[in-house]
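Report on the structure given below.
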Amino acid sequence: MIVLAHISDLHLDGDPRRTDRAARVFARLGELTGLDAVLVTGDLADHGLAAEYTEAAALFAGTRNVFHCPGNHDARGPYREVLFGEPASDAPINQVHRAGGAVFALCDSTVPGSDGGFLDGNTLAWLETVLTEAGDAPVFVCFHHPPVDLHVPFIDGIRQTGEDRLAALLARYPGVAAVLCGHAHTGGATTFAGLPLLVAPGVASTLVLPWEPADEFLDPGAPPAVAFHVLDDNRRLTTHYRVI
């Protein structure tokens with residue numbers, strides 16, 4: 001059995017309120033036993049500044065197997081320099097990790113200068129290599145932008161496009177367990193390419209749905225939350241959502 005904690009959208013910017021919310025989440029995760037990994041699907045920083053990634057690195061330091069990918073508020077250069085100790089580069093940040101017997105393919109769905117998402121040809125080619133080399137291991141395909149409409153106009157306007165290419169690729173690899181993303185600041189569940197598509201709740205704030213009355217589309221006062229994905233030995237995936 002594989003147990004994965006999934007969060008997203010920390011938007012760290014030095015604001016004590018956001019720092020406290022993220023720290024509360026990681027403190028809670030640190031109290032738990034049996035977690036194989038913690039996944040953060042983008043928008044670690046709010047402005048893509050080196051100081052914000054330094055804050056993120058300190059936050060992640062006490063937790064084992066924290067896997068993360070960039071979101072539209074992140075900047076590839078400082079992200080690489082601070083979090084990986086690598087030279088700054090504008091190339092996509094694609095990573096593969098293994099934990100608990102599963103493979104985590106973290107794809108960079110960001111488009112520099114745009115809030116919307118897209119997986120470029122190099123990223124798709126990289127993902128196909130990861131899926132091929134995974135063998136019989138279950139694979140979680142992870143990125144920031146959802147590749148489908150979530151029926152929230154603002155989010156749908158800046159979602160991932162070109163998704164037919166991704167769907168065609170995933171259809172060739174039955175070992176994919178689920179597609180995991182963030183960006184929407186609300187926990188959600190739907191399907192994509194016949195697979196579970198699971199959206200992590202936001203840490204910095206929570207999206208107000210179109211049918212919920214509110215003055216703003218984001219509620220910074222709602223508590224942060226975590227999705228726990230459990231993949232059992234029969235490869236049945238179950239997700240539990242918890243507020244912190």
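The values are calculated or read from the model by the stated rules, or taken from the named source; none is laboratory data. Predicted model only: the values in this text are computed from it and were never measured. Backbone-built Cβ (ideal geometry, glycine too); neighbour counts: all protein chains shown. Heads up: the accessible areas ignore ligands, DNA and RNA and are worked out on the full protein's heavy atoms, side chains in. Shrake-Rupley method; radii C 1.70, N 1.55, O 1.52, S 1.80 Å.
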Review point. How large is ³J(HN,Hα) for each residue in the range 10-18, as worked out from phi by the Karplus curve 6.51 cos²θ - 1.76 cosθ + 1.60 (θ = phi - 60°), to whole Hz, x for Gly and Pro?
Key: 6, 6, 5, 8, x, 5, x, 5, 5
**Study point:** Under Karplus coefficients 6.51, -1.76 and 1.60, residue-wise ³J(HN,Hα) of the range 192-200 in Hz, glycine/proline x
**Key:** 8, 6, x, 10, x, 10, 10, 9, 6
Point to revise | Largest to smallest accessible area among GLU86, GLU216, GLU52 [probe 1.4 Å] | key: GLU216, GLU86, GLU52
Check your understanding: For the chain, which span is the longest to avoid every loop-located (per DSSP) member of chymotrypsin sites (Phe, Trp or Tyr not before Pro) having at most 16 other Cβ atoms inside 10 Å?
Key -> 1-210
Review point. Where the centre of each part is set by its Cα atoms, how far does the range 79-95 sit from the range 1-20, in angstrom?
Key: 20
Study note, to complete from the structure: Taking placed amide H atoms and a strict 5 Å upper bound, the residues 5 or more places from PHE67 or on another chain that come that close are VAL38, LEU39, VAL40
Point to revise | Relative contact order (%) - the range 80-216, alpha-carbon pairs under 8 angstrom, separation at least six | key: 18
Check your understanding: When only Cα pairs under 8 Å and 6 or more residues apart are kept, what is the percent relative contact order across the range 142-183?
Key -> 56
